[in-house]
Each structure stands twice: as C-alpha cells, then as structure tokens.
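Below: the structure, in structure tokens.
The values are calculated or read from the model by the stated rules, or taken from the named source; none is laboratory data. Just so we're clear, the structure is a prediction, and the values are computed from it rather than from any experiment. Cβ placement follows ideal geometry from the backbone for every residue including glycine, while neighbour counts extend to all protein chains displayed. Side chains are part of the model used for accessible areas, which takes the heavy atoms of the whole protein and leaves out ligands, DNA and RNA. Shrake-Rupley method; radii C 1.70, N 1.55, O 1.52, S 1.80 Å.
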Amino acid sequence: MKVYATRMLPQAGVDMLTAAGIPLTQFEGRQALNQDELIEICKHYDAVICAGQKLGAAFFEACPHLKCVALLSVGYDNVDLQAASHLNIPVTNTPGVLDASTAETAFLLMMATARKAFFMHQYILDGHWGFTDPTANLGIDLEGKTVGIFGLGNIGTVFAKYCKSFYQSPIIYHNRNRNIAAENLLDARYVSFEELLRESDVLSVHANLSASTRGIFNKDTFIKMKSSSIFINAARGGIHDENDLYEAIVEGQIWGAGLDVTNPEPMLPNNPLLRLPTVSILPHIGSATEGTRAAMAILAAKNIIAARDGMPLPNLVNKDALS
Ligand code: DGY
C-alpha cells in the first residue's frame, strides 16, 4: 500500500503510517494541486489522504484502483461520493475529534463580533487609539441572550453547551430532524426555521452544506432576523450569500457576523466584509489546534491501515461503496 497525502500531515499520522510499514509521500507545495495534477500523481499510489481538495467524478473515473480516499476533514461536501461509490472506492472522514475546537472557534467569533474585537485590533495598529470616548466603540452584551443553532449535531451541541454555561443562554434550534438527546442536555427548544430567524440573538450555523442548505442565509432570511443579532458560520461558506450578508449588515438588518468559512475560500483581501467593524473573519481554522489536527491525522492513518489490512474502515462515509 503506497499512500500520497495532498498536504503535509501532522506528525502523529506520519508516525502511525510509518509504524505500520506504509510508505507515505507528502505534497510539499504551497499551492493546492488541481484535479488533473492529482490524477497523474494518484496513478502511482494505492490510497490518498486529502485535505481541502475538490474530488469530482473525473478524479474517481481516472483512479478506479484507489483502495481508500481518506479525507482530513469531517465535511465531505467537496467530494463526489456518488462517483466514488459507483466505482467501489471507499471514502473516509474524521468525525468526533474536532467538535470542541470547531465549537470554540464559533464561540470566539461570537465574542469577537459582539465586541468588535478584530476591528479594534486594527484600530490600534492604525494609530487611532487616542482620546477615550465613552460613547464610542460599544459592543453588545451576550449574557442571557437567546442562541439559535442551525444544525444541532455534535459541533452545534458543544457550541450551545459553551453558550449555556458561560452566558446562561436559552437555546433554540432548527434541524431536519429533532435531536432529543441534545434537547434534554441543553434544555433546547426545537423551532421552525422562521422562528429561528425571528427569535435568535445569535444565530450560529453548524449544518452540512447540501442542496437544501446552500445559500439558505440570504437577503430573504437576513431581513427576518433581529437588527441586533449576530450571524455566525463555522460550517461551510456556501450556506450563506456573502453579498447579501454584507448588505444586511450595512443596512442594519443584523448587527454583525463572525465567519470561519467563506465563499469562495480563500476570501480575497479586498472583500468589503473585512472592513466592517462588526465582522470577524478567520481563514477556516475551526479544527486547527495541535491536538485536533493530530487526532484527525491519526484517524486518517487508521482508515488507510484498515484498508490495507482488508478490515472494516472505521470512518467510512459511503457505506454503499463496499459491496
Ligand atoms: C472539516 O473537518 O470539515 C473542517 O471544516 C475542515 O475542512
């Protein structure tokens, strides 16, 4: 089993593959490989570990020999799973190990947005910190404010738990299906999507990107939110419309936004959202802690080793792939 990784892996994953006697080659470039380049490379490997890589039908059709495509992410929205399944290629992900770090990133963005923290940091760098004006640079309070979760799964539950224990936030949520365990844990109330928009003081997105969530936060939805509300997205940038978000903030339909994900990624430095006082943006670093990234690399390595050994893959996403 020869393995290629499209990014440098955290050492814990490298060590695990090495200990299992699996040769690993890592892409050392700073520019993402395009699909054609990856196809050419993968012709010479049995399995691939992918981070932030779009894998379309053409990739799977050109590489039907792959024994495992191990994603270094929990999300798999950029992978054509149907094509992989059709060719019997197993795709795995890294669930369960990044819930806390991603929820923490959403929490950080909520606090930073409420207090205009990123903008204020820039304000100092720009030499504007002089006269203290008691009426200027005011944020909003979060204590006791209602937090609405769009997509109350594992990450959303941890985020809600942080909000509840830190700010005593009442929790409401909207999902495709009710999450009774989380309702009991958080005393959370299931609401319709319309109620979520209307009642949330902070609305935090933790849903997958899918046909039903793509662009769901847009001018028609922002206008239904409270003018004092904060929109947070640490899930996928495709779930909100960036131009509509900008307009909604500038026109005072919502207070501000915290984003760990943008559309497209990377966000261009001239994006006007970056200049707004009540906007905090991070470059998709939800899972970027040393511990989480090591755990993700270990999961990817475990899946590769299982594929080599003909064992059930611990984190198989396309369960229909292996007939
Ligand atoms: C994930 O694991 O899906 C993170 O968002 C990184 O892409």
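Residues in segment 183-200 that are among the acidic types (Asp, Glu) and part of a helix (DSSP H, G or I): GLU183, GLU194, GLU195, GLU199. Among residues of segment 56-82 that are within 22 Å of PRO314 (Cβ to Cβ), those with a Cβ under 6 angstrom from a residue that is at pLDDT below 95 and open to solvent by 10 Å² or more (accessible area, probe 1.4 Å), sequence gap 6+ or separate chain, pair up as LEU72/ALA51; ASN78/LYS54. Looking across segment 261-287 at every residue that is more than 19 Å from ALA117 (Cα to Cα) and open to solvent by 50 Å² or more (accessible area, probe 1.4 Å), the one that is nearest to the ligand (Cβ to nearest atom) is identified as GLU265.
Quick check on this structure: which one of VAL48, VAL74 is in contact with a Ser or Thr (Cβ under 6 Å, 6 or more places away or on another chain), within 30 Å of THR262 (Cβ to Cβ), of a type in the set (Val, Ile, Thr) and at pLDDT 95 or above?
On the way: VAL48 fails: in contact with a Ser or Thr (Cβ under 6 Å, 6 or more places away or on another chain).
Just a single option satisfies the conditions, and that option is VAL74.
Looking for something open to solvent by less than 30 Å² (accessible area, probe 1.4 Å), more than 15 Å from the ligand (Cβ to nearest atom), assigned by TED's automatic domain parsing to the domain that holds LEU71 and not hydrophobic (A, V, I, L, M, F, W, C) - is there at least one such residue anywhere in segment 300-319? Taking every residue of segment 300-319 in turn, at least one turns out to be open to solvent by less than 30 Å² (accessible area, probe 1.4 Å), more than 15 Å from the ligand (Cβ to nearest atom), assigned by TED's automatic domain parsing to the domain that holds LEU71 and not hydrophobic (A, V, I, L, M, F, W, C).
For the condition under 21 Å from the mean Cα position of the chain (by Cα) and farther than 24 Å from ALA160 by Cα, what is the one hit in GLN122, GLN53, GLN82?
Numbers: GLN122 fails: under 21 Å from the mean Cα position of the chain (by Cα); GLN82 fails: under 21 Å from the mean Cα position of the chain (by Cα).
Step by step, each of GLN122, GLN53, GLN82 is checked, and only GLN53 is under 21 Å from the mean Cα position of the chain (by Cα) and farther than 24 Å from ALA160 by Cα.
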